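The values are calculated or read from the model by the stated rules, or taken from the named source; none is laboratory data. None of these values were measured; they are calculated from a predicted model. Methodologically, a virtual Cβ is constructed for each residue, glycine included, from the backbone with ideal geometry; neighbour enumeration extends over all protein chains shown.
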């Protein structure tokens, strides 16, 4: 970790080490005596929520800045979608059928990363949720191309350890969904959504809402698998009912393959960002 301590005052690390070696007395054992920034119980109090929110915003931001990450390609998608080699273990036939998108996600990330490396590797860095399924495929493809990738994990009761392909120094863990989703989008130059469940749809619709309302620059927004998405969501019915505008259907495009997605990103009209330009900064 970069040590940014540049002033003449004593470093907080020094005081933390010193505090661990103080004489054992009733006073020093009392919770009140602990250094506030080294007191886990204190930091987890309800009143400290604003501080924890700020810490979750700052820690990944600082690490990505130090790693030189300038722009990202976001990959959302289901944790339950198996690799083709494992589709026989899928819970349903539909999940087995969707296993093809694991390979497309892997190939897409590999090609995007290989191309980005020709420009120094700091642009178009793949970012996923860091878990299994489509997320694993994205990080795996980036590693196979010889590049880095980001994983934004979150503490869940039934998932999820980071997949083994995330670059360790760019693997983060979150408590707050809102801050995690903010980090997904802060550097996004394109957003790619693969088939998935509640989590994928939550991420997709939040990003679409931010673009629709002008709170985020318009970027290439690609949905992999038209048949899946049109079966799950009746997009035209939303427009016909007037709950969205017909023009809102132009905010995204359906694609089927990695090559089609890359061509769509390169040919996207009306995108609000250029290579190296970070939206919403």
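Given the options 42, 108, name the one that is within 30 Å of residue 232 (Cα to Cα) and at pLDDT 95 or above.
Values: 42 fails: within 30 Å of residue 232 (Cα to Cα).
Only one candidate qualifies: 108.
In the stretch 58-71, how many are in a helix (DSSP H, G or I) and surrounded by fewer than 18 Cβ atoms within 10 Å (Cβ to Cβ)? Before the answer, list the steps.
Initially, the stretch 58-71 is screened for residues in a helix (DSSP H, G or I), giving 58-67.
Retained after the next criterion (residues that are surrounded by fewer than 18 Cβ atoms within 10 Å (Cβ to Cβ)): 58-59, 61-63, 65-67.
Of the residues in that region, 8 qualify.
Can you give me the number of residues within the stretch 237-258 that are closer than 23 Å to residue 129 by Cβ and outside any helix (DSSP H, G or I)?
Initially, the stretch 237-258 is screened for residues closer than 23 Å to residue 129 by Cβ, giving 251-258.
If we keep only those that are outside any helix (DSSP H, G or I) too, we end up with 252-257.
Count: 6.
How do the pairs read when you match residues in the stretch 232-243 that are without any contact (Cβ under 8 Å) to a residue 24 or more places away in the chain with residues anywhere that are part of a helix (DSSP H, G or I) and loosely packed, with under 11 Cβ neighbours inside 10 Å, using Cβ under 9 Å and keeping only pairs 6 or more apart or on different chains?
Partner pairs satisfying both residue conditions: 239/247; 243/237.
Scanning the stretch 211-231 for residues that are in contact (Cβ under 8 Å) with a residue 40 or more places away in the chain and touching a helix residue (DSSP H, G or I) at 6+ places or on another chain (Cβ under 7 Å), which turns out farthest from residue 188 (Cα to Cα)? Outline the logic, then answer.
Taking the stretch 211-231 and keeping what is in contact (Cβ under 8 Å) with a residue 40 or more places away in the chain, we get 211, 215-220, 222, 224-225, 228.
Those left that are additionally touching a helix residue (DSSP H, G or I) at 6+ places or on another chain (Cβ under 7 Å): 211, 216, 218, 220, 222, 224-225.
Values: 211: 12, 216: 10, 218: 10, 220: 9, 222: 13, 224: 17, 225: 21 Å.
So, considering only residues that are in contact (Cβ under 8 Å) with a residue 40 or more places away in the chain and touching a helix residue (DSSP H, G or I) at 6+ places or on another chain (Cβ under 7 Å), the one farthest from residue 188 (Cα to Cα) is 225.
Would you mind stating whether residue 42 is surrounded by 11 or more Cβ atoms within 10 Å (Cβ to Cβ) and over 30 Å from residue 108 (Cβ atoms)? Spell out the reasoning first.
Values: surrounded by 11 or more Cβ atoms within 10 Å (Cβ to Cβ): yes; over 30 Å from residue 108 (Cβ atoms): yes.
Against the criterion (surrounded by 11 or more Cβ atoms within 10 Å (Cβ to Cβ) and over 30 Å from residue 108 (Cβ atoms)), residue 42 qualifies.
Can you name the condition, by its number, that residue 165 falls short on among (1) in contact with a strand residue (DSSP E or B) (Cβ under 9 Å, 6 or more places away or on another chain); (2) surrounded by fewer than 18 Cβ atoms within 10 Å (Cβ to Cβ); (3) modelled with pLDDT of 95 or more; (4) over 25 Å from residue 217 (Cα atoms)?
Of everything listed in (1) in contact with a strand residue (DSSP E or B) (Cβ under 9 Å, 6 or more places away or on another chain); (2) surrounded by fewer than 18 Cβ atoms within 10 Å (Cβ to Cβ); (3) modelled with pLDDT of 95 or more; (4) over 25 Å from residue 217 (Cα atoms), residue 165 misses just condition (2).
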